[in-house]
Protein chains: 2
Amino acid sequence: MRLAAFRRPSDEPGDRLTGLVLGQGEHLRIHPFAVDADLVVLLAQSRDRREQLADEAAAGDGLPLSDVVLLPPVYPTSMRDFLTFEAHVDGMERGHGAPGVPEDWYLAPIFLFMAPHAVTGPYDDVEMPPDTERLDFELELAAIVCRDVRNASPEEARDAIGGYCVMNDWSARDVQGREMKLKLGPSKGKDFATTIGPWVVTADELEGFRDADGFLDLPMTVSVNGVQVGADRSGHMGWSFEQLVQHASRASWVKAGEVLASGTCASGSLAESWGRTGSLTPPPLQVGDVVEMTVEHIGTIRNHVVSAASTAPPVPPARRRVATSA
Amino acid sequence: MRLAAFRRPSDEPGDRLTGLVLGQGEHLRIHPFAVDADLVVLLAQSRDRREQLADEAAAGDGLPLSDVVLLPPVYPTSMRDFLTFEAHVDGMERGHGAPGVPEDWYLAPIFLFMAPHAVTGPYDDVEMPPDTERLDFELELAAIVCRDVRNASPEEARDAIGGYCVMNDWSARDVQGREMKLKLGPSKGKDFATTIGPWVVTADELEGFRDADGFLDLPMTVSVNGVQVGADRSGHMGWSFEQLVQHASRASWVKAGEVLASGTCASGSLAESWGRTGSLTPPPLQVGDVVEMTVEHIGTIRNHVVSAASTAPPVPPARRRVATSA
């Protein structure tokens, strides 16, 4: 089952409906659920109850994509982005002059918390952030959590994952490069936009695509201006999504509405090519570029890079203590 | 004005009231606002309206601290923790073998997003997290945002700060040290507990404590088991809180209910001493220790370190690609 968040142009800007997605291509239709149906709550319901509500929605009129604005399927209560693709780590490390994947990477799946208010809809334009000449994308698969868990068992972790969507973790590589020298990870290099969508495919719908170890194994591709520049499979993750939930929830809350993302797959970013080749090929994203990402059996997100509508000046450099104590 | 979030032992576990804090020491009383008064909404109201509601609360009966459980003043919609104290950076860098503060630190205030669901109340026990033999504290001052801003001007940034509280960013140094080798910052090293409180002091109340550059300048101290181990002043931050809001909001949403923290002040963590001296002196926190932090004109938070009630086993190491492609 595919569940989308949307509004109609006639709705108020803050309005938000949940819809059942039926059909494909030009025959695709969004069938609204009852007005108060929350997407994360639907994910947490029993399969029987969810299908009953979906049957009711399907009985009503469907809207073509041209009549709606798709919204991010969830406004996350929190967002953890992991680093689970060995080959991506290898490429990035070589770009930093390291010999390859550090042994520490294999020990446990590290992550960083992301800007939850930066999520944007699956077809929304993305504004060029300030101070960057190296705008990049990151092709990821993301799980939507539908139940609160802490110290989750494998079974609890599995039940906590309501579904999956595609994610583009837009990144300003020069900005984050300067920030990461301070050892706390990226900050402004990633907090301007994270595209998620186009909808959530429920976990039950994807059961048939697990490999022998239980890893969800879906083909993933990314193109820039219609030319494919990266492709990988989610089965190449070092840990399953259930293991990511288990790890994240050790002595910590993972709550309904939280997004847990795979991290960038191999060849799923330009920076990985830059690291491997030592040159800016393919070139950084520019205003006017279109980035399209597809995870098979889930869907496609597509975004134009546009100029910023407004910017604010940078803050001044730090006030130095030496001045204070002089 | 001091505003606390609390519940009474007779309330349901999820209940949450807002109270006006009056008096000091044994005469301190929490005067409940109307049941539906939200602390962040109160911060966003005009001073006149807030004082009118406070007068109404003050006219009612007050509860002694022994009759309530203080809660985190806010369950953050998002949390950014900065790195603004030059002397702390200097100590930590020397611990890593670096010569001192990197020049990049002075350029702009970097931050990391924190675990919003990890906040705990001002007097709550803190469970020893798994896998650590180097539990530490971090003494910080935190601003509570009460208005949504993006590309904030200096005036908008000022209006967006509703008040301030004390914060202890508990940190498992050995865990985060392993994680930070992967360059994305700490993950499990910090997502188990962040203490905030004991209440919020409104920004208007602290206007008199700004220095000539407009930086809020309040003495900060931390003690372990009654012995003071660190002290600094918030005026030693490299940027003001208004500048932190401006920086965070450049091409990014900073929303009502978000917490922006100063980062660790000088001598505000054990790790800084460990870095400067090369030895584990003072020793890492142990079960039974009591950590107490005071920011003058705001208040004191106090927490016991206790054993974990339960733990979950670690996830296995990564599934290696080499095995897949063999």
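The values are calculated or read from the model by the stated rules, or taken from the named source; none is laboratory data. Nothing here was measured: the structure is a model prediction, and the numbers come from that model. So basically every Cβ, Gly included, is an ideal-geometry build from the backbone, and we count neighbours across all protein chains shown. Side chains are part of the model used for accessible areas, which takes the heavy atoms of the whole protein and leaves out ligands, DNA and RNA. Shrake-Rupley method; radii C 1.70, N 1.55, O 1.52, S 1.80 Å.
As a summary of the residue check, A:Gly275 satisfies the conditions (1) buried (at least 21 other Cβ atoms within 10 Å of the Cβ); (2) within 13 Å of another protein chain (Cβ to nearest Cβ) except for the one numbered (1).
Filtering the range B:285-326 down to residues that are part of a loop (DSSP other than H, G, I, E, B) and over 24 Å from A:Arg150 (Cβ atoms), which residue is farthest from the other protein chains (Cβ to nearest Cβ)? Ranking the qualifying residues of the range B:285-326, first place goes to B:Ile298.
Taking the range A:104-125 on its own, how many of its residues are more than 9 Å from every other protein chain (Cβ to nearest Cβ) and more than 19 Å from A:Leu141 (Cα to Cα)? Final tally of qualifying residues: 1.
Where helices (runs of 4 or more DSSP H) fall wholly inside the range B:80-173, the ranges with 2 or more residues that are farther than 17 Å from B:Ala271 by Cα are B:103-107, B:154-160.
Scanning the range B:17-24 turns up one or more residues that are part of a loop (DSSP other than H, G, I, E, B) and out of contact with any helix residue (DSSP H, G or I) (no Cβ under 8 Å at 6 or more places or on another chain).
The rows are residues; the columns are (1) over 19 Å from the mean Cα position of the chain (by Cα); (2) modelled with pLDDT of 95 or more; (3) open to solvent by 30 Å² or more (accessible area, probe 1.4 Å).
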residue: B:Leu135; (1), (2), (3): no, yes, no
residue: B:Arg150; (1), (2), (3): yes, yes, yes
residue: B:Pro154; (1), (2), (3): yes, yes, yes
residue: B:Gly163; (1), (2), (3): no, yes, no
residue: B:Met167; (1), (2), (3): no, yes, no
residue: B:Lys183; (1), (2), (3): yes, no, yes
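Contact annotation: residue pairs with Cβ atoms under 6 Å, 6 or more positions apart or on different chains, pairing a residue in the range B:187-204 that is under 25 Å from A:Thr84 (Cα atoms) and hydrophobic (A, V, I, L, M, F, W, C) with a partner that is at pLDDT 95 or above and part of a loop (DSSP other than H, G, I, E, B), are B:Phe192/A:Ala251; B:Phe192/A:Ser252; B:Phe192/B:Pro129; B:Ala193/B:Trp170. Restricted to the range A:218-239, and to residues there that are touching a Ser or Thr at 6+ places or on another chain (Cβ under 9 Å) and closer than 21 Å to A:Trp105 by Cα, the residue that is farthest from the other protein chains (Cβ to nearest Cβ) is A:Ser234.
Taking the criterion of being of a type in the set (Ser, Thr, Tyr), outside any helix (DSSP H, G or I) and open to solvent by 20 Å² or more (accessible area, probe 1.4 Å), would at least one residue in the range B:56-79 satisfy it? Yes: one or more hits. The single condition from (1) more than 23 Å from A:Thr77 (Cα to Cα); (2) touching a Lys or Arg at 6+ places or on another chain (Cβ under 6 Å); (3) within 11 Å of chain A (Cβ to nearest Cβ) that B:Arg173 fails is (3).
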